[in-house]
1. What are the residues in region 1-52 that are free of Cβ contacts under 8 Å to residues at least 40 places away in the same chain and on the phi > 0 side of the Ramachandran plot, if any?
2. Among the residues of region 14-60, which ones are more than 15 Å from the chain's Cα centre (by Cα) and charged (D, E, K, R)?
3. Can you tell me how many residues in region 12-47 are polar (S, T, N, Q) and loosely packed, with under 14 Cβ neighbours inside 10 Å?
4. Can we say G9 is modelled with pLDDT of 90 or more and crowded, with 17+ Cβ neighbours inside 10 Å?
Amino acid sequence: MKIIKKNVGFSDALLRVVLGMIILFAGLWYDSLWGFLGLIFIASGALSFCPVYRVMNIETCTPNLEREN
C-alpha cells in the first residue's frame, strides 16, 4: 500500500470540495462537460492531496501528517 503525504489543510480541502460541487452542478445545469472538472477539486479535497502542490512544494496543512490510500 502506498502512503501519500497530506499537503492540503482542512480549510483548503473544504474550499476545494465546495468549489468542486459548484463547478460540477453548474456543468450539469448547463449540459457542459466542463462540469466534470469539479470532480478533480472534489477528489483533491477529499484525499487532502494535490499533485500540483507536490510539484510546487506547497503545503497548507501542518507538516508530517500522512494518510493511507
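The values are calculated or read from the model by the stated rules, or taken from the named source; none is laboratory data. Everything numeric in this text was worked out from a predicted model, so none of it was measured. Cβ coordinates were reconstructed from backbone atoms using ideal geometry, including for glycine residues, and neighbour counts include every protein chain displayed.
1. Residue satisfying the conditions is D31 alone.
2. Across region 14-60, the qualifying residue is only D31.
3. 1
4. In short, no.
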